[in-house]
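The values are calculated or read from the model by the stated rules, or taken from the named source; none is laboratory data. Just so we're clear, the structure is a prediction, and the values are computed from it rather than from any experiment. Reconstructed Cβ throughout: ideal geometry from the backbone, glycine too, with neighbour counts over all protein chains shown. Calculation scope for accessible area: heavy atoms of the full protein, side chains included, ligands and nucleic acids excluded. Shrake-Rupley method; radii C 1.70, N 1.55, O 1.52, S 1.80 Å.
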Amino acid sequence: MMVKGEIQQLAKAASRISGFDEVMYGGLPEGRTTLIEGGPGTGKSIFGLEFLYRGALAGQAGIFIAFEERASAVRRNALTLGWDLVALEKAGKLAIIEARLDPATVVSGDFNLRALLAIIEGQSKAIGARRIVFDALDVLMRLFDNAARERREIHALHEWLLDHEMTAILTVKAAEGNSGHLSRYEFLEFMADCVIRLLQRPGEWVSTRELQIIKYRGSDFGRNAYPFVIEPDGISIIPISEFALQHQALGPHVSAGTRQLDAVLAGGFRRGSSILIVGASGTGKTTMANTFVRAACDRGEKVLYLGFEESEKAMVGAMLSPGIDLHPAIKAGLLKVITAMPEAHGTEKHLVRTFRTIGEFEPAHVVVDAISAFERMGSPRAAFEFAMRLAGWCKDRGITLVMTNQSSGGEGERVAISGLGISSIIDALVWLRFVEEDGKLKRKLLVIKSRGSNHSTQYHDFKITDHGVELPGETTPTGQDRPDRRGDE
Amino acid sequence: MNRTENGTPEMQKEQVYLLRLYIAAGEQNSKLARDNLDRICQEYLNGRCNIEEVDVLTDFESALADRVFVTPTLILVTPEPRVTVIGNLGDKERVMLALRLGGKYGS
């Protein structure tokens, strides 16, 4: 019996939070306690609430204990994500306990948490709850104001949870870099079977949310900091592979298509990296991407082109005016163009189709034009997921991924540049824009980042001529600007 | 010194204190709280208190309604304003102060 128990797989409770169960290898430890730490606004409460919400929808009742927020605020916040908690409360699948303490409470002598335990015992019996979230436990802990009492009571709470086989989440605010706070929670971290940390990193262009599993007693787990988003209908974690997230050694250079482009990029793109070309409509994103495509095909490398904006015929035809003839590459079987309407399928279907094509065609490079169209797969979140998963998939296989993203200009520019929030895995970022100069609208190119290279940081003139793209004033004149063309000109 | 003579005469002479004491039956701190509260009532209120005792182990709904999460918890229901004191009431000065019963800090 004991031996059997020991070798048994740890039971897990599926959170049904998008992508989370994958990085947790199944879900939260069932009947055990998980600690979620994070600074203010990192999404701890939403995380706990979504665990209960998705569970309740699947028929598993849960209790949410709010030590900081009013129950009405919890319901209102949930509604912004489209979650109707009131309906679940009425159905007896969810109970929200507002446990905010009266700030005028006077402490006189020793006390314990028996009342709280009696309440949750009563409530959990009433609705048959097996899931429970203590949100902002740090607020309760402040009340103890005595380290020994605090440990004793949190220990009693933990014992109660174990005795009742509750799958529990405790959330605590952890101020980063505050050693006082950390030592305070060390005890909680030791006690909990699973510890998750939520972070909000200010990025170059937009801040990125990340989730990291610090500990998972008795189970393996993904060890990276996984990017996640909270919109529009809940948390979505991108379970992209270890390999894709670790900034592995950069591949060798690969020409961006012309010598001038390569000069500005200090050698071109890197093989197996993710490149994002951002710009408003008409700035030349597709032309720049296809400049890269033709050069690659000229070298005999295979390219898969995923077009979400126009038909193959329209795209190939349009490229003739800047002098980029893709027909020979298509005929030679080096370029495969696949066009799809984003709204035709959900994210999963698009991904499956794309991955299958990549597997069959085995391209050296993949071009996606444009990720801005992904939103039409359903939501910004669907778009984010598609882009992240595709980028992860390509990175794992050493495939260069060139994506374009259409920006609307103005205020939304920076958001678009960040590329749906996927900036954390983008290696090179090129911005094309129109700038008014001497009364004329001119195209300009700026390399915002190119990992591991000493790229230019200036705006460059970017011209689209009938024989390709030109960056006047950059190194070699046109005509000899395709270093990788081999004798077929 | 009779502390009941401090404060306003009406309050001291006519006001009956309605107190609700949340306890967990059988617990040492709860017993202490009850004893300490009884003593305060006798000594400073001449027994003019109405103590309602609630055992959270049998009546969690009341605890929930009063937002009581620790035991023992004492709530001064009337006279208003309402006051919450948690703990075994071992620190008499603090309890007196909270219940506006004068003491060394006066009321």
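Applying the set (1) assigned to a helix (DSSP H, G or I); (2) farther than 24 Å from A:R32 by Cα; (3) at pLDDT 95 or above to A:N77 leaves exactly one unmet item: (3).
This table checks each residue for (1) free of Cβ contacts under 8 Å to residues at least 40 places away in the same chain; (2) over 33 Å from the mean Cα position of the chain (by Cα); (3) open to solvent by 50 Å² or more (accessible area, probe 1.4 Å); (4) in the same structural domain as A:A383 (by TED's automatic domain parsing).
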{"position": "A:K302", "(1), (2), (3), (4)": "no, no, yes, yes"}
{"position": "A:L306", "(1), (2), (3), (4)": "no, no, no, yes"}
{"position": "A:S311", "(1), (2), (3), (4)": "yes, no, yes, yes"}
{"position": "A:G317", "(1), (2), (3), (4)": "yes, yes, no, yes"}
{"position": "A:S321", "(1), (2), (3), (4)": "no, yes, yes, yes"}
{"position": "A:D325", "(1), (2), (3), (4)": "yes, yes, yes, yes"}
{"position": "A:A332", "(1), (2), (3), (4)": "yes, yes, yes, yes"}
{"position": "A:M341", "(1), (2), (3), (4)": "yes, no, yes, yes"}
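Across segment B:68-79, the number of residues qualifying as more than 7 Å from chain A (Cβ to nearest Cβ) and not aliphatic (A, V, I, L, M) comes to 2. The set of residues in segment B:37-46 that are within 12 Å of another protein chain (Cβ to nearest Cβ) and either at pLDDT 95 or above or open to solvent by 70 Å² or more (accessible area, probe 1.4 Å) (or both) is empty. Set side by side, the residues A:D110, A:D102, A:D145, A:D135 differ, and just one is closer than 20 Å to A:L49 by Cα and either more than 9 Å from chain B (Cβ to nearest Cβ) or of a type in the set (D, E, K, R) (or both), which is A:D135. On the stretch given as segment B:80-99, residues that are aliphatic (A, V, I, L, M), within 7 Å of another protein chain (Cβ to nearest Cβ) and part of a loop (DSSP other than H, G, I, E, B) total 1. Taking (1) within 15 Å of B:L97 (Cα to Cα); (2) buried (at least 17 other Cβ atoms within 10 Å of the Cβ); (3) more than 11 Å from chain A (Cβ to nearest Cβ) in turn, B:C49 satisfies each apart from (1).
Residues that are open to solvent by 30 Å² or more (accessible area, probe 1.4 Å) and not in a helix (DSSP H, G or I) within segment A:49-69 comprise A:A58, A:G59, A:Q60, A:E68, A:E69, listed in sequence order. The condition (being open to solvent by less than 20 Å² (accessible area, probe 1.4 Å), in contact (Cβ under 8 Å) with a residue 40 or more places away in the chain and over 14 Å from A:F462 (Cα atoms)) is satisfied by just one residue among A:L276, A:L261, A:L265: A:L276. Within the bounds of segment A:1-24, is there any residue that is modelled with pLDDT of 95 or more and either of a type in the set (D, E) or in a helix (DSSP H, G or I) (or both)? No. For segment B:53-60, check the following and say yes or no: at least one residue is in a helix (DSSP H, G or I) and within 11 Å of chain A (Cβ to nearest Cβ). Yes; the residues of segment B:53-60 include at least one that is in a helix (DSSP H, G or I) and within 11 Å of chain A (Cβ to nearest Cβ).
On the given criteria, is A:G392 surrounded by fewer than 24 Cβ atoms within 10 Å (Cβ to Cβ), closer than 21 Å to A:K302 by Cβ and free of Cβ contacts under 8 Å to residues at least 12 places away in the same chain? Here the answer is no, as A:G392 does not meet what is asked. Kindly indicate whether B:R94 is open to solvent by 50 Å² or more (accessible area, probe 1.4 Å), under 12 Å from the mean Cα position of the chain (by Cα) and under 25 Å from A:F144 (Cβ atoms). Considered against the rule, which asks whether it is open to solvent by 50 Å² or more (accessible area, probe 1.4 Å), under 12 Å from the mean Cα position of the chain (by Cα) and under 25 Å from A:F144 (Cβ atoms), B:R94 comes out as yes.
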